[in-house]
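Comments concern the structure below.
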Amino acid sequence: MSAVSSDLVVNALPLPVLTIGPQGEILDANHAAETFFELSIRVLRRQRLEDVVPFGSPTIALVDEVRRRGAGVSEHRVDLPNPRSIAERTVDVFATPLGEDGAVVLMFQERTIADKMDRQLTHRGAARSLTALGSMLAHEIKNPLSGIRGAAQLLEQSVDENDRMLTRLICDEADRIVSLVERMELFGDERPVERGPVNVHGVLDHVRRLAQSGFARHIRFVEAYDPSLPPVHGNRDQLVQVFLNLVKNAAEAVGVDAVDGEIVLATAFRAGVRLQMPGARGRVALPIEVGVSDNGPGVPADLLPHLFDPFVTTKAQGSGLGLALVAKIVGAHGGVVECDPAPRRTTFRVLLPMYSARDGRGSEV
């Protein structure tokens, strides 16, 4: 590709792009960067990076880190206010080396996945709000239901066939309520869970086999795995529960009548992905990405902001606890989960921490 056509491509990008020189000087910028920083290309070329970003901005440290590593790094949730207005902006910054002379390319994305993940952090509070409720229901509802079910079984032995249908209905509904309460009890389980290195591909293979032998036997599975993915720091049983719930949701979105139903299980290593997590001193590295995609009709727009809230569901017979439980488990693992909705390609992405041995091996991301 010629230099002229390369400039055309860069200027066609809707995201601001800066080229930073070895001494921090701005060498070049695209049209989107002129709009973003409200400065012309001529003025930008007379500036240094520290002149257009706030003092102490992580963006400056990011450039140094790219030069040190010699590889691309991204930083999420970076505050980048506009010095010429009162507008507050939060951006994702993507940085990559350009050649061997120390130049670095920066790309800024204002509407980011990190904004969605920030919403996800609030979902954890909603999940925790069920802790006391689940414990209370276990005591106040399960015991009386056992008595009701027992009484119905006794009546069933002394009534005719027509009335037996009613006693059977009582037993079935009692069982359904107990099942719901037991699922809510999971939110109240705050006991520490043993975690260690987990092969996420083994988890996904196990989930796929379970799904194909039951609720997703009519759906084609596609695997797009990164074979070099390091182990996740987690609990295998809980991660199976997370991805089984996500795959079940995907299968239900596709529907039982779909002739071309497809679920894609994908993994990737996202070097340099870091987020500020509640309670953490610094930004936490979440380099392991797992995606569950389906070609169903998608998620209604009005439901999306509340998707991980308890009791929110589009299913006539759903309890609305599946995704709330997913958010709780992933949050307890120090990760985040978010939905990227699109007709015929809805994707749930889970970002998880990598396992690091006690001697520090595997901690560099």
Classified through the alpha carbon gyration tensor (a ≥ b ≥ c as square roots of its eigenvalues; rounded if a/c is under 1.5, else prolate when a/b is larger than b/c, else oblate), the range 3-111 comes out rounded
If each K or R counts +1 and each D or E counts -1, the residues other than Glu156 whose Cβ falls under 15 Å of its Cβ total -3
Exposure-ranked with fewest Cβ neighbours within 10 Å first, Met165, Met107 stand as Met165, Met107
Taking a label point 7 Å from the Cα of Gln23 along Cα-to-Cβ, the residues of the range 63-83 whose backbone nitrogen sits under 20 Å from it are 63-65, 67-68
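Order of Phe94, Phe348 from fewest to most other C-beta atoms within 10 Å?
Details: Phe94 20, Phe348 25.
By the 10 Å Cβ count, ascending, the order reads Phe94, Phe348.
Using Cβ contacts closer than 10 Å as the measure, can you line up Tyr225, Tyr355 from fewest to most? It would help to have the intermediate numbers written out before the result.
Values: Tyr225 15, Tyr355 19.
So the ranking, lowest neighbour count to highest, is Tyr225, Tyr355.
Cβ under 13 Å from Ile41's Cβ, Ile41 left aside: what net charge do those residues give with Lys, Arg +1 and Asp, Glu -1? Provide the component values of the computation, followed by the final result.
Details: positive: Arg42, Arg45, Arg46; negative: Asp7, Asp28, Glu34, Glu38.
Result for the local shell: -1.
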Taking every other residue with Cβ under 9 Å from the Cβ of Asn295 and scoring Lys and Arg +1, Asp and Glu -1, one gets -1
Among the range 44-66, those whose backbone N falls under 14 Å of a label point 7 Å along Cα→Cβ from Asp79 are 54-59
Contour minus Cα-Cα span, Arg270 to Thr96, at 0.36 nm per residue, comes to 61.3 nm
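Bear in mind that the values in this text are calculations on the coordinates, not laboratory data. What you see is a predicted model; the values in this text were computed from it and never measured. A quick note on method: Cβ atoms are made from the backbone with ideal geometry, for glycine too, and the neighbour counts reach across all protein chains shown.
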